[in-house]
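Participant: Below is the structure I would like to discuss, written out as structure tokens.
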Amino acid sequence: MISIELPDGSKRQFDAPVTVAEVAAGIGAGLAKAALAGRVGQGDAARVVDLSHRIDADTPLAIVTDRDADGLELIRHSTAHLLAYAVKELFPDAQVTIGPVIENGFFYDFSYKRPFTPEDLVAIEARMTELARKDEKVERRVLPRDEAVAHFKRLGEAYKAEIIASIPAGEDVTLYREGKFEDLCRGPHVPSTGRLKHFKLMKVAGAYWRGDHRNEMLQRIYGTAWATKEALAQHLLMLEEAEKRDHRRLGRELDLFHLDEHAPGLVFWHPKGWTVWQMIEQYMRAVYLENGYQEVKGPQILDRGLWEKTGHWDNYRDNMFTTESEKRDYALKPMNCPGHVLIFKSQLRSYRDLPLRYGEFGQCHRNEPSGALHGIMRVRGFTQDDGHIFCTEDHILDECVAYTALLQKVYADFGFAEIIYKVATRPSSRVGTDAQWDKAEHAVMESLRRSGCEYSVSPGEGAFYGPKIEYTLKDAIGRQWQCGTMQVDFNTAERLGGEYVTETSARANPVMLHRAIIGSFERFIGILLEQHAGALPAWLAPVQASVLTITEGQADYASNVVKALQKQGLRAEADLRNEKIAYKIRQHSLQKVPYILVVGDKEKADGTVAVRARGNKDLGVLPLADFTSMLASSIVQRT
């Protein structure tokens, strides 16, 4: 007798082994029709299996449908195979390589004699639709490794044969067939191609075989797939809106920054962009001062020996830029933590000095792969609002709670209303004792509970020196951006010899809390540009008011208005060009200036300005002093 426990706690008894599909059918016809797969086991041991999987022992079982996250991943995985099937139908000489699921979709890499064109993508997607409508059964079979290698060599699929040949000898491999197409895959998959209905191919890009630039450049076709027509439409609409908000395009159009091949992964800030930077830095500097942080500044280059002590040399070496001088190895700092420990230990500290909070706008460099660089979102040189709190174990909880409240206020000031909280726990490769990790993980979770924050847990995704809270922002179109962090570290200060004198005159190592609110300035500015579609709130806008003349006769008055605004600490500029006023209004509107002030002879005579707020809102004619007061108020309130 086999006993299967369902998610609601009920149990089903079977006299003989039974498939997942048969269990679903026994529960009800509706569930049998919706079922895509099954999830057997529970906890970390749970795994998703095909509907054809045969259960021969007692086990918990959940039926997976397209409403489940596992179901959506299954759809995307199977759609990647459908893509490869369609490509082989249309381009028989193409060779298939790998096709994994990625966020919101999938891709598949192909080797083909010519580049795929946009027209090819249209044809491939149409063939995918035809194949899906055939509703061909997806069947699994198992072959010994060597038989599988020979099988794919006969098919002329050299890449598949190479992949399988890298599997240890004597092992079996699984293949999945749908119609005429068979692919190497560990599975699971949807039961038939008819379950794949809502997908779209997005683009073609280049990708080296096995990620090695010495290998052949393959063609990577990206696609997206969803459980419903509505979800697909919503995603495509979001992508369309995201394209309008792309920070790289906005950076060019608003003359904020540029990137140059002479300095890959590094940013050239233009005057307007640097103004935005300075506004954020001044804001964060005030946050430091108001919350007990002391601002510090550490060097850019530190000796290799320091990075060996912290563990970065062993765990992070590939991402570090290194140099040599007088037979000593150095590294450009990828983070600011070790430098702050050296500042802490530069003199003997007492327990009365703790918690000691350091903040730094620290410039860091990381050797990111060129393929991972993305505008100013992913760069090789960046500045962090980096902070470290040196404290005792008794301080950890209060400091974490206070930090979460501070972070919530900062994000609200920048226009973000929703924060997602996640705790990343100990990875398999780590430093420190299990007892230290137990304390640290308990502290970050308990601090979020005390802050009234619901959170999820990401097992094994913590830093090698401590668990962390990840604070993720949801933007105006629903995208998520992980920005802030709080990491509890029992190890780094100890490894670098940081100590303080306790109440009993003994020596102890402080706990080190690593925290960043906005993280990388570069990335955060990119996020802000996309959040606000370039229309930054007045307190952040590089130009807060543009003064436009109707004729040359108002040039002096317009210049005086600008000077008056600038004396009040406001950022204003005059447009005195001999152009039609409608043209000038459009130009400054495209620059997303919060306020456009139009001055003609009447405004000049009365000492007023005609005010247009962003979004073509006519606020009427105001005395200059009233407008100045209104703008100053919106800046103070950060509205």
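The values are calculated or read from the model by the stated rules, or taken from the named source; none is laboratory data. Note that this is a predicted model, so its numbers are computed, not measured. Using ideal geometry, Cβ is built from the backbone for each residue, glycine included, and neighbour counts are taken over all protein chains shown. Calculation scope for accessible area: heavy atoms of the full protein, side chains included, ligands and nucleic acids excluded. Shrake-Rupley method; radii C 1.70, N 1.55, O 1.52, S 1.80 Å.
Participant: Return the pairs, sorted by first residue and then second, in which the second residue is hydroxyl-bearing (S, T, Y), the first residue lies in the stretch 530-543 and is under 15 Å from M377 (Cβ atoms), the beta carbons are less than 6 Å apart, and the residues are 6+ apart or on different chains.
Facilitator: none
Participant: Picking from V636, V621, V599, which residue would you name as being open to solvent by 70 Å² or more (accessible area, probe 1.4 Å), of a type in the set (A, V, I, L, M) and touching a strand residue (DSSP E or B) at 6+ places or on another chain (Cβ under 7 Å)?
Facilitator: Within the list V636, V621, V599, the selection yields V621.
Participant: Which of (1) within 26 Å of the chain's Cα centre (by Cα); (2) part of a helix (DSSP H, G or I) is the odd one out, the single condition Q554 does not satisfy?
Facilitator: With respect to (1) within 26 Å of the chain's Cα centre (by Cα); (2) part of a helix (DSSP H, G or I), Q554 is out only on (1).
Participant: Output the qualifying pairs, or none if there are none: Cβ atoms under 8 angstrom, residues six or more apart or on different chains, first residue in the stretch 8-24 and under 15 Å from A62 (Cβ atoms) and touching a residue at least 24 places away in the same chain (Cβ under 8 Å), second residue open to solvent by less than 90 Å² (accessible area, probe 1.4 Å) and of a type in the set (D, E, K, R).
Facilitator: V20/D50; V23/R12
Participant: Can I ask one more? Working carefully through the options A16, A32, A46, A21, find the one that is surrounded by fewer than 16 Cβ atoms within 10 Å (Cβ to Cβ) and closer than 22 Å to V190 by Cβ. Step through it out loud before you land on a result.
Facilitator: Working: A16 fails: closer than 22 Å to V190 by Cβ; A32 fails: surrounded by fewer than 16 Cβ atoms within 10 Å (Cβ to Cβ); A21 fails: surrounded by fewer than 16 Cβ atoms within 10 Å (Cβ to Cβ).
The match here is A46.
Participant: Quick check, is L61 assigned to a helix (DSSP H, G or I), buried (at least 16 other Cβ atoms within 10 Å of the Cβ) and within 35 Å of the chain's Cα centre (by Cα)?
Facilitator: On the way: assigned to a helix (DSSP H, G or I): no; buried (at least 16 other Cβ atoms within 10 Å of the Cβ): yes; within 35 Å of the chain's Cα centre (by Cα): yes.
Taking the combined requirement at face value, the residue does not satisfy it.
Participant: Considering only the stretch 226-248, how many residues are part of a helix (DSSP H, G or I) and either hydrophobic (A, V, I, L, M, F, W, C) or open to solvent by less than 30 Å² (accessible area, probe 1.4 Å) (or both)?
Facilitator: Of the residues in that region, 10 qualify.
Participant: For A412, which of the numbered conditions (1) closer than 18 Å to I527 by Cβ; (2) of a type outside the set (V, I, T); (3) crowded, with 16+ Cβ neighbours inside 10 Å fails to hold?
Facilitator: Only one criterion in (1) closer than 18 Å to I527 by Cβ; (2) of a type outside the set (V, I, T); (3) crowded, with 16+ Cβ neighbours inside 10 Å is unmet by A412, namely (3).
Results for (1) among the charged types (D, E, K, R); (2) farther than 13 Å from A225 by Cβ, shown as yes or no for each residue.
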| site | (1), (2) |
| --- | --- |
| I75 | no, no |
| L83 | no, no |
| E89 | yes, yes |
| A94 | no, yes |
| Y108 | no, no |
| P118 | no, yes |
| V122 | no, yes |
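Participant: Tell me whether the stretch 431-438 contains one or more residues that are in contact with an Asp or Glu (Cβ under 9 Å, 6 or more places away or on another chain), within 30 Å of R245 (Cα to Cα) and in contact (Cβ under 8 Å) with a residue 12 or more places away in the chain.
Facilitator: no
Participant: Take the stretch 562-585 and flag every residue that is within 42 Å of the chain's Cα centre (by Cα) and assigned to a loop (DSSP other than H, G, I, E, B).
Facilitator: Within the stretch 562-585, Q568, G569, L570, R571 meet the criteria.
Participant: Could you list all residues from the stretch 562-585 that are open to solvent by less than 80 Å² (accessible area, probe 1.4 Å), in contact with a strand residue (DSSP E or B) (Cβ under 9 Å, 6 or more places away or on another chain) and not basic (K, R)?
Facilitator: V562, A564, L565, L570, A572, E573, A574, D575, L576, I581, I585
Residues checked against (1) touching a Phe, Trp or Tyr at 6+ places or on another chain (Cβ under 6 Å); (2) on the phi < 0 side of the Ramachandran plot; (3) crowded, with 21+ Cβ neighbours inside 10 Å; (4) part of a loop (DSSP other than H, G, I, E, B):
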| residue | (1), (2), (3), (4) |
| --- | --- |
| L513 | no, yes, yes, no |
| I525 | no, yes, yes, no |
| N560 | no, yes, no, no |
| Q587 | no, yes, no, no |
| V609 | yes, yes, yes, no |
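Participant: Any chance you could count how many residues in the stretch 168-190 are open to solvent by less than 40 Å² (accessible area, probe 1.4 Å) and either within 32 Å of the chain's Cα centre (by Cα) or not acidic (D, E) (or both)?
Facilitator: 13
Participant: Confirm whether S428 is under 28 Å from A331 (Cα atoms) and of a type in the set (G, A, S).
Facilitator: Yes; evaluated as a whole, the condition is true for this residue.
Participant: Hey, among the residues in the stretch 123-144 that are over 14 Å from G194 (Cα atoms) and either among the aliphatic types (A, V, I, L, M) or assigned to a helix (DSSP H, G or I) (or both), which one's least open to solvent (accessible area, probe 1.4 Å)?
Facilitator: Restricting attention to the stretch 123-144, the residues satisfying the condition of being over 14 Å from G194 (Cα atoms) are 123-126, 140-144.
Then keep just the ones that are either among the aliphatic types (A, V, I, L, M) or assigned to a helix (DSSP H, G or I) (or both); that gives 123-126, 142-143.
Working: A123: 45, I124: 0, E125: 42, A126: 50, V142: 72, L143: 21 Å².
That would be I124.
Participant: Going by the conditions given, is G251 surrounded by 15 or more Cβ atoms within 10 Å (Cβ to Cβ) and part of a loop (DSSP other than H, G, I, E, B)?
Facilitator: No, not satisfied.
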